[in-house]
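What follows is one structure encoded as structure tokens, with my remarks underneath.
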Amino acid sequence: MTPKKHWYDYLWICTIVYFTLGFFNIMFAWLGLISFFLPLLIAIIGGSKAFCNRYCDRGQFFALLGGRFGLSRKKDMPGWLKSKGFRYGFLIFFFIMFFQMLWNTYLVFAGATLKQAVKLFWTFKVPWHWAYHGDAVVGAWVPQFAFGFYGIMLTSTLIGLIVMVLFKPRSWCVFCPMGTMTQLICKAKNGKKVKAELAEE
Amino acid sequence: MSKKHAVVDIANCVACGCCRKVCPKEAIGIRCGIYAKIDLSRCVGCGKCAKECPASLIRLEVRSA
Ligand code: SF4
Ligand code: SF4
Ligand code: SF4
């Protein structure tokens, strides 16, 4: 018997749609903010990791490619990669890079010229000008944020694909900054209760 | 009752829920977004969760009577 399928088991489609839309029009990159705020809201208000456990399109995408399509070696990850030190270190690194992206957006807001490129692995600038169709009404910082955010989304997905191939399908989930952050929120919220329960068992 | 059942290393569990998704007996729940909890009365020791866990934190243990 395989577990029953629900509507939310097909959200992996969103990953494909997101990157395709952003390839043709970078403004769609803004939609990625949903997968930024939703997991945090669910963790803060609901005190759970329901986003990871149920709705995350990216986790499903890796499970599908690595599992069903067999694109994963299905080997154990090395210990350091799943250590708490690496998980928290990666979260901090991710935050710093995120704020750098916001800073670049601010610079364009303050008058710098828009860079029509997507930065991969925080290093390589890939031309992406075909996805840009003229100045937004609001200002050049709007597309600048879109380019920056798309770069972060693409980079993290590429890293996820690499560890998917090398290790298990959803290896990315072990050090995914969103996953680490939501678990930390849940620990802060429910940690005491859970510890007390564990002590009783 | 099966001979074996799954055990999670909860101190290192990232609560991703990969194990929960593949369990044919719905024996796994993610406790408060912190760790995976196995319902021993439901678990049949098939080992699917252990294979799936990206951090390889689940092992099978012989049931104590
Ligand atoms: S850990 Fe990250 S990629 Fe994995 S399910 Fe959670 S949010 Fe999605
Ligand atoms: S061993 Fe099988 S039945 Fe037991 S929790 Fe894991 S997947 Fe479920
Ligand atoms: S798959 Fe592994 S890390 Fe993820 S919730 Fe289950 S036991 Fe924890």
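The values are calculated or read from the model by the stated rules, or taken from the named source; none is laboratory data. Source: prediction; values computed, not measured. Ideal geometry is used to build each Cβ from the backbone, glycine not excepted, and the neighbour counts take in all protein chains shown. For the accessible areas, the whole protein counts, side chains as well, though only heavy atoms, and no ligand, DNA or RNA atoms are used. Shrake-Rupley method; radii C 1.70, N 1.55, O 1.52, S 1.80 Å.
In the range A:121-128 there is no residue matching the filter, namely being within 16 Å of ligand 1 (Cβ to nearest atom) and either under 25 Å from A:Ile13 (Cβ atoms) or without any contact (Cβ under 8 Å) to a residue 24 or more places away in the chain (or both). A count restricted to the range B:36-52 and to residues that are near ligand 3 (Cβ under 10 Å from one of its atoms) and within 21 Å of B:Ser64 (Cβ to Cβ) stands at 5.
Which members of the range A:36-56 meet the condition of being open to solvent by less than 30 Å² (accessible area, probe 1.4 Å) and within 29 Å of A:Gly22 (Cα to Cα)? Before the answer, list the steps.
From the range A:36-56, those open to solvent by less than 30 Å² (accessible area, probe 1.4 Å) are A:39, A:43, A:47, A:49-53, A:56; that's our starting set.
Selection gives A:Pro39, A:Ala43, A:Lys49, A:Ala50, A:Phe51, A:Cys52, A:Asn53, A:Cys56.
Pairs linking a residue in the range A:61-74 that is basic (Lys, Arg) to a residue that is in a loop (DSSP other than H, G, I, E, B), with Cβ atoms under 6 Å and 6 or more positions apart or on different chains, are A:Lys74/A:Lys168.
Counted as qualifying within chain B are the strands (runs of 3 or more DSSP E) with 1 or more residues that are away from ligand 1 (no atom under 16 Å from the Cβ), more than 27 Å from A:Ile185 (Cα to Cα) and open to solvent by less than 60 Å² (accessible area, probe 1.4 Å), namely B:4-8. For the range A:1-24, give me the residue count where each residue is touching a residue at least 60 places away in the same chain (Cβ under 8 Å) and surrounded by 15 or more Cβ atoms within 10 Å (Cβ to Cβ). Going through the range A:1-24 one residue at a time, the tally reaches 5. Restricting the range A:184-200 to residues that are touching a residue at least 12 places away in the same chain (Cβ under 8 Å) and either of a type outside the set (A, V, I, L, M, F, W, C) or over 21 Å from B:Cys16 (Cβ atoms) (or both), the residue that is nearest to the other protein chains (Cβ to nearest Cβ) is A:Asn190. Here A:Ile45 clears all of (1) within 16 Å of ligand 1 (Cβ to nearest atom); (2) assigned to a helix (DSSP H, G or I); (3) closer than 30 Å to A:Gly191 by Cα except the condition numbered (1). In the range A:28-57, the residues that are away from chain B (no Cβ under 12 Å) reach residues that are assigned to a helix (DSSP H, G or I) and open to solvent by 30 Å² or more (accessible area, probe 1.4 Å) with C-beta atoms within less than 6 angstrom, at least six apart or across chains, in these pairs: A:Phe28/A:Leu21; A:Asp57/A:Trp12; A:Asp57/A:Cys14.
Does the range A:121-130 include one or more residues that are more than 14 Å from chain B (Cβ to nearest Cβ) and open to solvent by less than 30 Å² (accessible area, probe 1.4 Å)? Yes, the conditions are met somewhere in the range A:121-130.
A:Leu166 meets each of the listed conditions (1) within 12 Å of another protein chain (Cβ to nearest Cβ); (2) in contact (Cβ under 8 Å) with a residue 40 or more places away in the chain; (3) open to solvent by less than 30 Å² (accessible area, probe 1.4 Å) apart from (3). If you go through the range B:27-40 and keep only what is free of Cβ contacts under 8 Å to residues at least 24 places away in the same chain and more than 7 Å from chain A (Cβ to nearest Cβ), you end up with B:Ala27, B:Ile28, B:Gly29, B:Asp39.
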